[in-house]
Each structure stands twice: as C-alpha cells, then as structure tokens.
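Participant: First the structure, which I've put down as structure tokens, then a few questions once you've had a look.
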C-alpha cells in the first residue's frame, strides 16, 4: 500500500479568498511548492481534499471548481509537483454528507481508489475540520502554518 499527503486547498495551498470565484484570484501560498516537492521526494502521493460548499450555496458550479483544479494542477506541475487527484465536497453544510470535512469521506475514497495506507499518510490543513478529518481517517495531521514555519 502507498502513502499519501493530503492537502486542504484554500488557506493551505492557496490564499483563502472566501468562495473563490475567479481563477485570476488564485495565489499560491509561500512554502506550498517546497513542502509538496519535499513530500513527493519522500514518495508520498499528493492529493487535494477540499470543501466547496459554494456549490451547495449556489455561488459556484462544478465546472468552475474543476477548471480551478486543472489550473492549480498546471501551476504546481510547472514547479515539478504532481497531484494524483483533486477531491471536493460540493454539499451545503446542512446536508450532513459523508464527504464534507471533518468527515474523512474524501480521504477514505482516495484510499480505496488508490490503494493508500492512511496510517502512513499525512493531512495538512488550516482549520480544525481539516485536522479532524485526517485524524479520524488515521493520518498524522498538521496545521499548515506550524509546518511552514519549520521549513
């Protein structure tokens, strides 16, 4: 089984602009590329797992989120970083779905689809819900600000 590094998107890899609605607002956070490169060199598969309730709230659509992820994939690839897959939860928080963090649903799905050992995997995020999703899934979990301070 393989090990993975999971990343929240907004506030972890890119600046959180509250319901990103324009790709030109994407701004990589300092240290994100370096951390990804370091983990990739240690043979971690890289994944993005992100709550996108803007879809459930009618502020965004699936097409925009998918185009944003394609753009991010290219930005990171231009710097030598390859994400295996992007996962997102489109649901409104009131829907109590199984994929919205702090539920570990997206991590569990990635584990099934990519034969991952979650106990050897890592989760990085900027919010308690990110860290809780990782812990519940069995991953070592970190607040990104603490990690980037130590790079």
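Any read-out appearing in this document is the output of simple, stated calculations on the displayed coordinates, not a laboratory observation. This structure is a prediction, so every number in the text was calculated from the model and none was measured. Cβ atoms come from the backbone with ideal geometry, glycine included; neighbour counts cover every protein chain shown.
Participant: By counting other Cβ atoms within 10 Å of each Cβ, how are 145, 12, 68 ranked from fewest to most?
Facilitator: 145, 68, 12
Participant: What value, in deg cm²/dmol to 500, does the helix sum -39500 (n - 2.57) over DSSP H runs of n ≥ 4 give at 222 nm once divided by the residues of the chain?
Facilitator: -10500 deg cm²/dmol
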